[in-house]
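**Q** Here it is: the structure, laid out below.
The values are calculated or read from the model by the stated rules, or taken from the named source; none is laboratory data. Source: prediction; values computed, not measured. Virtual Cβ from ideal backbone geometry, glycine too; neighbours counted across all protein chains shown. Each accessible area value is taken on the protein alone, full model and side chains, heavy atoms only, with ligands, DNA and RNA left out. Shrake-Rupley method; radii C 1.70, N 1.55, O 1.52, S 1.80 Å.
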Amino acid sequence: FKAPSRDHPALYRDLLRTNRVHWIAEEPPAELVREKMMECHFRFRHQMALVPCVLTLNQDGSVWVTLVKPARAITPGQFAVFYKGDECLGSGKIVRMGPSVYTMQQGKNRGENPKKEEIDKIEPAT
């Protein structure tokens, strides 16, 4: 898929799944085991800003990552790295992604093309 522009909604996603996460200090963090969910931050490119997210632990040690704001150009094969404050918690390879913002808009509009105002409303994480 080639998007018509750098900021096309098809490039943005707010849900992804990793393979089994390699945790650094705690395997996995106690809060994640206890609550089955945990707020933290993540990045998938070395220099990018940290993005707030919620991790949901799966039976097999993988996690679903739900982002507070859609992020651009997440790709399977990249590593999601998780942080709590300054501490690096661990990482997992991205294996699946949820639908793009564009796909979600298409569903809401039942096949109509999204209007420019709707695309402008999307505030992507950078």
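**Q** What number comes out for accessible area per residue over region 7-102 if the probe is 1.4 Å? Units Å², please.
**A** 53 Å²
**Q** Could I ask something else about it? Could you run the Karplus curve 6.51 cos²θ - 1.76 cosθ + 1.60 with θ = phi - 60° over region 12-22 and give me ³J(HN,Hα) per residue in whole Hz, x for Gly and Pro?
**A** These are the phi-based 3J(HN,Hα) values: 10, 9, 10, 9, 8, 10, 9, 7, 4, 7, 8 Hz.
**Q** May I ask which residue of F42, Q78, A30 lies farthest towards the positive end of the charge dipole of region 7-102, with charges of +1 (Lys, Arg) and -1 (Asp, Glu) on Cβ and the Cα centre as origin?
**A** Q78
**Q** Tally up the carbon and sulfur contribution to the accessible surface of region 7-102 as a whole percent, 1.4 Å probe, everything protein left in place.
**A** Solvent-exposed carbon and sulfur of region 7-102 make up 53 percent of the total.
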